[in-house]
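Asks: The structure that follows is given in the form of structure tokens.
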Amino acid sequence: MTQVSPILKVSNLVKHFPITSGGIFQRTTGAVKAVDGISLEVFPGETLGLVGESGCGKSTAGRTVLRLLEPTSGSIEFEGQNLIKVSKRELVFMRREMQMIFQDPYSSLNPRATVGDIISAPFQVQGVKPVGGLRSAVGDLMERVGLNPEHFNRYPNEFSGGQRQRIGIARAIALQPKLIVCDEPVSALDVSIQAQILNLLAEIQKDFGIAYVFVAHDLSVVRHISDRVAVMYLGQIMESAPSELLYTEPLHPYTHALLSAIPIPDPDLERNRERIILSGDLPSPSNPPAGCVFNTRCWKAEDKCRSERPVLREISMGHQVACHFPEQNLIETISVAPTGTDFIA
Amino acid sequence: MSETDEVLLSVRNLYVEFATDDGLVSAVNDLSYDLKRGKTLAIVGESGSGKSVSSMALMGLVAGMNAKVSGEVYFDGQQLIGADPESVRKLRGDRMAMIFQDPLSSLHPFFRIGDQLVEAVQVHHDIDKKQAQVRVKAMLERVGIPDVDQRMNEYPHQLSGGMRQRVMIGMSLINNPELLIADEPTTALDVTVQAQILELLKDLQKEFGTAIILITHDLGVVADMADEVVVMYGGSAVEHAPVREIFYEPAMPYTWGLIASIPQISAKNAHLDPIPGNPPSLINLPSGCVFAPRCAFKQLVGDDLCEHERPQLSLISLEHASRCHLTENQRTDIRRARLIGRQK
Ligand SMILES: Nc1ncnc2c1ncn2[C@@H]1O[C@H](COP(=O)(O)OP(=O)(O)OP(=O)(O)O)[C@@H](O)[C@H]1O
Ligand SMILES: Nc1ncnc2c1ncn2[C@@H]1O[C@H](COP(=O)(O)OP(=O)(O)O)[C@@H](O)[C@H]1O
Ligand code: SF4
Ligand code: SF4
Ligand SMILES: [Mg+2]
Ligand SMILES: [Mg+2]
């Protein structure tokens, strides 16, 4: 990579939600460690995928990075400015450059506002007067995301899920931000509509040079859209690498297991490949295992894993892994094994 | 004919309609298929295509003033549509069972796990509580619940999502049904847990010889599990074939679109080829091909036939049926030009 500086640099970010109990006098009895010390960088115009299973802290990380949630500790630098230090007023102004798209197109749009109102809101909040007037700017945006500008005065419930997601995208790109956090933007959509939205996001990125943090649990979708991918488990980053590398040469046992768990839409390939089936469930993020958080399900765990937390370290150019015993000599994760052997871990 | 070749379930010309304020919803239109003992039939299609309603209907679970079910469903030779509801209810939970996406919808929140399963056994079998408990315990162990004695005394909310799904699978299989309908059984689960549950379903099917109707929108799950596949669109089957043929020789534009829409995990496909437009409204379905408004190939069919005449589901080879006016040559040319399916 050339000497471009990251647009977003997150260091040791922590977000804990207190667990309280008791009646009148609330006592804090513990914490959900939703995000527990993550570091990542996002460069201009690229897509960083953030993947992991439900509850691993992806959404919390995405929201905290934009300071939609107040971090417990850590630092967030956006274009060199420490977001944690800026005042609420400055933050509102900075939001012009940082937007968010949500998973649920049904609940993220105000049902009583027209599409026109929804898409013009960012201009009004920021006091921006677009050249040519608001109405025509909104019409252009609607056209850009594949909506009919004549539907300016319609309400969200008159649109399908995919169209509502287009409304959310139009609102997010209205002020041409530099960064958009997309939280499961296609998870609620049918595959044919999902593909439409993924293509739209890719085109918009190309046109405007926006960087995405793309949060999702579907690893195929993430591979499709991301330049680099970070894998989370119980609030921590297990591995991060350029996406081709991560998918073909995963070094962390969890990444390996996660990739191997995805059924491939090709019957011959699917039925003749080697597969790792993890035992057990995810531990609770309020009481994560000591040492490596993956040790309760890892087939390679040794004593050291139960006492010492592995740090995220760089193993090769741009490839970081948090594991005491990273995988070596990996057979292609998605390869055709000679016989249909299942490897139960 | 060997026992495994025996047809267990035969669905013929199934229709389901709902009268609503907006008009008549044709949720299932002329659906027909056969399912053999011990085999898995996957039903795939987008949201609202009629997957769940068609399966509920054959279990006698579509009821209510506004619903009308017609057609024929033979379960082991017995016609279920229009049959005495009591006799259908006796089959349910015994010889045929169902699992849902959300286990909480079939597990009662206020009763202990163990008691619910014991009840499920005793409803259909005249055995005492002790015997039923032994059977339940064995089943829960079989589906991989740890610390069974303790878990049997717990309530559904005390279990993780994966464990609840195991309990529900155990409950549905407790009476060793011949038919299991699994409606998106793993959609709410994480991939690592999904892999566990699919493995379990396959093992249990081998062990008990259960026939499975697997409803899913995940083509990866289909590739893993199915013997045969029905692709549904707008309430009808638009293609029906053995699983390899669906993936390697898909025969009609909607199936092509579905396959081209999925990002592949095994290779980065540069550009997805989505199906334009949206799924149809089931009120006032078009009189021609239901897929015509979104179909990129209808111009190849002469005389605007696609707009005027609904194609029949017809055999294009021994075991492969599709509902489309394109000719065999046209299909072959398109598949070759667009690299759809496996290239010869
Ligand atoms: N009780 C009802 N009254 C009116 N319409 C109904 C009723 N139940 C289902 N429908 C309609 O029937 C159609 C088929 O629904 P169904 O639940 O079978 O879809 P599906 O293929 O299972 O979709 P999904 O993938 O979302 O589960 C839908 O348009 C649905 O809105
Ligand atoms: N507002 C909140 N209060 C308490 N706990 C929360 C809150 N938001 C999220 N959590 C918890 O934090 C963990 C991570 O959640 P989330 O970031 O939503 O996960 P993901 O997006 O990866 O599914 C979960 O255990 C979740 O229950
Ligand atoms: S540190 Fe140990 S337990 Fe953790 S992933 Fe690596 S080998 Fe497994
Ligand atoms: S019948 Fe016509 S409209 Fe329908 S899928 Fe075939 S080509 Fe397309
Ligand atoms: Mg989330
Ligand atoms: Mg359904």
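Values in this text are rule-based calculations from the coordinates and carry no lab data. On a predicted model such as this, the values are computed, not experimentally measured, just so you know. All Cβ positions, glycine included, derive from the backbone under ideal geometry; neighbour counts span all protein chains shown.
Asks: Could you run the Karplus curve 6.51 cos²θ - 1.76 cosθ + 1.60 with θ = phi - 60° over segment A:212-217 and give me ³J(HN,Hα) per residue in whole Hz, x for Gly and Pro?
Replies: Once θ is set to phi - 60°, the couplings for segment A:212-217 become 10, 9, 10, 8, 7, 9 Hz.
Asks: Net charge around A:GLY280, counting only other residues with Cβ within less than 13 Å of its Cβ (Lys, Arg = +1; Asp, Glu = -1)?
Replies: Once all neighbours under 13 Å are counted, the net charge is -2.
Asks: Also, I was wondering about something else. Spelling out what I want: for every residue of segment A:93-101, take phi, set θ = phi - 60°, compute 6.51 cos²θ - 1.76 cosθ + 1.60 (Karplus), and round to whole Hz; glycine and proline get x.
Replies: 5, 5, 4, 3, 8, 9, 10, 9, 10
Asks: Once you list every other residue whose beta carbon is under 11 Å from the beta carbon of B:LYS51, what net charge do they have if Lys and Arg are +1 and Asp and Glu are -1?
Replies: Surrounding charge for B:LYS51 is -3.
Asks: I would also like to ask the following. Which of A:LYS15/A:LYS304; A:LYS15/A:LYS300; A:LYS304/B:LYS202; B:LYS51/B:LYS137; A:LYS300/B:LYS202 have a Cα-Cα distance over 31 Å?
Replies: Over 31 Å apart, Cα to Cα: A:LYS304/B:LYS202; B:LYS51/B:LYS137.
Asks: How tilted is helix A:161-173 with respect to the longest principal axis of chain A? Cα atoms for both, answer in degrees (0 to 90, nearest 10).
Replies: 80 degrees
Asks: Taking 7 Å along the Cα-to-C-beta vector as the label spot, tell me the B:GLN158-B:SER287 distance in nanometres, rounded to one decimal.
Replies: About 6.3 nm separates the two model spin labels.
Asks: Another question about this same structure. Which residues' amide hydrogens lie under 5 Å from the amide hydrogen of B:MET98, considering only partners 5 or more residues apart or on another chain, with H built in the peptide plane?
Replies: Hits under the 5 Å cutoff: B:GLY93, B:ILE181.
Asks: In addition: Return the Rg/Rh ratio of the protein assembly as shown with Cα-based radii and a Kirkwood Rh.
Replies: Using Cα coordinates only, the ratio equals 0.97.
Asks: Considering every residue in A:265-275, what mean count of other chain Cβ atoms within 10 Å of its Cβ is obtained?
Replies: 6
Asks: Averaged over its residues, how many other protein chain Cβ atoms are within 10 Å of peptide B:16-27's Cβ atoms?
Replies: 0
Asks: For peptide B:255-263, what's the mean number of Cβ atoms from other chains within 10 Å of each residue's Cβ?
Replies: Per residue, the number of nearby Cβ atoms from other chains is 5 on average.
Asks: Within chain A, what is the longest stretch that has no GluC sites (Glu not before Pro) placed in a DSSP loop and near at most 15 other beta-carbon atoms within 10 Å?
Replies: A:1-301
Asks: Okay, next question. Quick one: of the DSSP bridges fully inside chain B, what percent are antiparallel, nearest 5?
Replies: The antiparallel fraction comes to roughly 65 percent.
Asks: Still on this model: Out of residues 5 or more away from A:TYR233 or on other chains, whose amide H comes under 5 Å of its own, with H placed 1.01 Å from N in the peptide plane?
Replies: Hits under the 5 Å cutoff: A:MET238.
Asks: Please determine, in degrees from 0 to 90 and to the nearest 10, the orientation of helix A:115-126 with respect to the longest principal axis defined by the Cα atoms of chain A, where the helix direction is its Cα long axis.
Replies: Taking Cα atoms only, the helix is inclined about 90 degrees.
Asks: Tell me, what are the semi-axes, in whole angstrom and largest first, of the equivalent ellipsoid of chain B as set by the roots of 5 times the Cα gyration tensor eigenvalues?
Replies: 38, 23, 18
Asks: Contour minus end-to-end for B:ILE127 and B:GLU86, with contour as 0.36 nm per residue of separation and end-to-end as the Cα-Cα distance?
Replies: Contour length minus Cα-Cα distance gives 12.6 nm.
Asks: Let me know the Rg and Dmax you get for segment B:251-338 when you use only its Cα atoms, in Å.
Replies: Cα-based Rg and Dmax for segment B:251-338 come out at 14.1, 42 Å.
Asks: Can you say what percent of the DSSP beta bridges in the protein assembly as shown, counting only those with both residues inside, are antiparallel? Round to 5.
Replies: Taking every DSSP beta bridge with both residues in the protein assembly as shown, the antiparallel ones total about 60 percent.
Asks: Relative to the longest principal Cα axis of chain B, at what angle does helix B:328-337 sit, 0 to 90 degrees, rounded to 10?
Replies: 90 degrees
Asks: With the cut-off at 27 Å, tell me which of the pairs B:LYS90/B:LYS129; B:LYS39/B:LYS129; B:LYS36/B:LYS130; A:LYS85/A:LYS178 have Cα atoms farther apart than that.
Replies: In this structure, B:LYS39/B:LYS129; B:LYS36/B:LYS130 lie more than 27 Å apart at Cα.
Asks: Could you run the Karplus curve 6.51 cos²θ - 1.76 cosθ + 1.60 with θ = phi - 60° over segment B:271-278 and give me ³J(HN,Hα) per residue in whole Hz, x for Gly and Pro?
Replies: Along segment B:271-278, the couplings run 9, 7, 10, x, 7, x, x, 10 Hz.
Asks: Right, next: Calculate I(q)/I(0) for segment B:1-64 by the Debye formula, one identical point scatterer on each C-alpha and no solvent, and give its log10 at q = 0.14 Å⁻¹ to two decimals.
Replies: Here log10 of I(q) over I(0) equals -0.48.
Asks: Let me check I've understood the local charge: for A:ALA290, count other residues with C-beta under 11 angstrom from its C-beta, Lys and Arg +1, Asp and Glu -1. What total comes out?
Replies: Counting the neighbours of A:ALA290, the net charge comes to +1.
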